[in-house]
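The values are calculated or read from the model by the stated rules, or taken from the named source; none is laboratory data. No experiment lies behind these values; they were computed from the predicted model shown. Note: ideal-geometry Cβ built from the backbone for every residue, glycine included; neighbour counts use all protein chains shown. For the accessible areas, the whole protein counts, side chains as well, though only heavy atoms, and no ligand, DNA or RNA atoms are used. Shrake-Rupley method; radii C 1.70, N 1.55, O 1.52, S 1.80 Å.
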Amino acid sequence: MPRPEIRINMQESPDGAGTRHGPFLYWRGHDAGRLHLNAILAITGSVAPYLRTSLTETWPEQIAQIAGHRVLRYTFDVPAEADTWYELDDERFEIAGDVSGDLRLVFVSCNGQEHGDLDRTVEDRNLMWHRLCDRHRERPFHLLLQGGDQLYADEIKEAHPLSAHWPTDIPERLEAEQICEVTQALREAFLHRYMEQMSQPGQAWISARVPSLSIWDDHDICDGWGSHKAWKLESDLGQAIFAAARECYLLFQYGIGPDEKPLGHDAAEGHSLTWSTNLPGLKILAPDLRSERRPSRVMGPDGWKAFETAMSGEAPERVIVLSSVPALGPRLSILERLMEMTPWMEKYEDDLRDQWQSYAHREEWQRFLKALMEVHDRPGTRVSVLSGEIHLATRGTMDTASGPMHQLVASGISHPAPPLAWAVFLGWFARLGEAPLEGHPIRLRPLPGQRRIYAAERNYLILERNADIWTAAWDLEDSGLTEPLAI
């Protein structure tokens, strides 16, 4: 029987032809033997297919229209079974749907570079994505976790003359017409960048088959967002940049419209995009470290309420926290103070102010660590923190009454690795140690099989639960897959 079609808008060509990006698959939850999912298509034509599963047929809803693209969302369920699937345009996409027993997660971050990201050869840029796809074919992943800088928006500001010189040249104020104009230009630039990037070989293939959950970091908005002077962030231009970035983040990293709330929205209030979700024996939560960030704070009142509410609920055997910047790290405040005395290093100061370890965030960092440790020390519960941001791979531990709490850093999947000398310098610096909470020292450690604390190779992280035993392994570009680390 021929498949019916839904015609979205007849203003396009009569045959409905046009471009299509997607599907991109997003996690919405799990209960009663079903996975709840969203899938996104961005099309320029007037005809869109329907989506079919073993349970139902689903028509799309249009949730945005930007630059001639209609962003369509399919909201659907599939059975929570090992070999479940959905079909779109006669193509079947297999999903690993049984999340009740053994579990396999993959964590990525820093998917791009500041300038010329898409000027690289396709093969080089997406090498680690292709390797991740090969791992999935060998043994499927149940979830794709993305920990920040999924998009490098640094060049997007050039879409309009008013934003081209952000953050050095900022108009004192904008007229209402200018705000609309610059916001629309930025929305279109964000959309095109998401479409170009998410359709890259490897990433597009895995994004159609493994449901994802993401949290943003500064480059998803613009470099250093939140660590610039507050008046710049709160200016008309700053808020136009943020509004365009936020809308497209929710569309293409979360699969929802700008007026909708992330998962666990009862805990996410006001401006915060903090989210949480539960699987059997597992809670995953991601505090939003960017929406309310200012030079003197990481999270505002809404963000703290959302995070602490999510942490205060019933804790399963494992709690995974996505902190876009590492929560356990070296004493960077010393380096930050030194840079303040050298004017030629000022351009790096916002990078250090971005970190939990900045002297400006000391009390807030302690509050964050106390919240993690309180849950980690509950009987039968362990907390693990996943982070990206630093373009290196490493791990750390913090001593607690019930055993070490692990910080796992994987960064970046496509961002070029920094020079080895930088990794060596940071490794030396990490040996100074850090203990923001008295009696609970933080130690940075090499990955399994590595000599240095920081591995200067592109990478991603694999987390596995086998018979209730959790392990972590890093896939490094040159060194390959590390031995599993019990966490």
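Odds and ends about this structure:
- Filtered by the rule that a residue be of a type outside the set (A, V, I, L, M), modelled with pLDDT of 95 or more and crowded, with 20+ Cβ neighbours inside 10 Å, segment 167-186 gives a lone residue, 183.
- Residues of segment 205-221 satisfying the condition of being in a loop (DSSP other than H, G, I, E, B) and open to solvent by 10 Å² or more (accessible area, probe 1.4 Å): 209
- Unmet requirement for residue 458, which otherwise passes all of (1) touching a residue at least 40 places away in the same chain (Cβ under 8 Å); (2) out of contact with any Gly (no Cβ under 7 Å at 6 or more places or on another chain); (3) open to solvent by less than 30 Å² (accessible area, probe 1.4 Å): (2)
- Scan of segment 37-63 for residues that are closer than 18 Å to residue 255 by Cα and open to solvent by less than 10 Å² (accessible area, probe 1.4 Å), ordered by number: 37, 38, 39, 40, 41, 42, 43, 48, 51
- Scan of segment 145-171 for residues that are touching a Ser or Thr at 6+ places or on another chain (Cβ under 8 Å) and either over 30 Å from residue 282 (Cα atoms) or not in a loop (DSSP other than H, G, I, E, B) (or both), ordered by number: 145, 146, 157, 170, 171
- Per the conditions (1) under 20 Å from the mean Cα position of the chain (by Cα); (2) surrounded by fewer than 22 Cβ atoms within 10 Å (Cβ to Cβ); (3) not acidic (Asp, Glu), the sole criterion not satisfied by residue 262 is (2).
- Hey, residue 233 within 13 Å of the chain's Cα centre (by Cα) and open to solvent by less than 10 Å² (accessible area, probe 1.4 Å) or not: no
- Residue within segment 412-424 that is of a type in the set (A, V, I, L, M, F, W, C), more than 28 Å from residue 143 (Cβ to Cβ) and open to solvent by less than 20 Å² (accessible area, probe 1.4 Å) present: yes
- Among the candidates 474, 428, 470, the residue that is aromatic (Phe, Trp, Tyr) and open to solvent by 50 Å² or more (accessible area, probe 1.4 Å) is uniquely 428.
- Selection status of residue 438, within 30 Å of residue 102 (Cβ to Cβ) and surrounded by fewer than 22 Cβ atoms within 10 Å (Cβ to Cβ): no
- The criterion of at least 2 residues that are of a type outside the set (Gly, Ala, Ser) and within 30 Å of residue 123 (Cβ to Cβ) is met, among strands (runs of 3 or more DSSP E) falling completely within segment 384-445, by 394-398, 405-409.
- Residue count for segment 83-124 satisfying the condition of being in contact (Cβ under 8 Å) with a residue 40 or more places away in the chain and in a strand (DSSP E or B): 12.
- Boolean, residue 104 is basic (Lys, Arg), within 26 Å of residue 286 (Cα to Cα) and at pLDDT 95 or above: yes
- Residue 148 being closer than 30 Å to residue 226 by Cα, touching a Gly at 6+ places or on another chain (Cβ under 6 Å) and either at pLDDT below 95 or open to solvent by less than 10 Å² (accessible area, probe 1.4 Å) (or both): yes
- Contact map, segment 296-314: first residue open to solvent by 30 Å² or more (accessible area, probe 1.4 Å), second residue assigned to a loop (DSSP other than H, G, I, E, B) and hydrophobic (A, V, I, L, M, F, W, C), Cβ cut-off under 7 Å, separation 6 or more or different chains; pairs are 309/267.
- Residue that is farthest from residue 149 (Cα to Cα), among those in segment 393-422 that are of a type in the set (A, V, I, L, M, F, W, C) and touching a helix residue (DSSP H, G or I) at 6+ places or on another chain (Cβ under 6 Å): 405
- When 291, 384, 323, 358 are checked against the criterion of being modelled with pLDDT under 95 and hydroxyl-bearing (Ser, Thr, Tyr), 358 stands alone in meeting it.
- All positions within segment 152-182 that are polar (S, T, N, Q) and farther than 18 Å from residue 218 by Cα: 178
- Residue in segment 372-391 that is hydroxyl-bearing (Ser, Thr, Tyr) and open to solvent by 10 Å² or more (accessible area, probe 1.4 Å) present: no
- Qualifying residue in segment 189-197 (condition: more than 21 Å from residue 66 (Cβ to Cβ) and either assigned to a loop (DSSP other than H, G, I, E, B) or among the hydroxyl-bearing types (Ser, Thr, Tyr) (or both)): no
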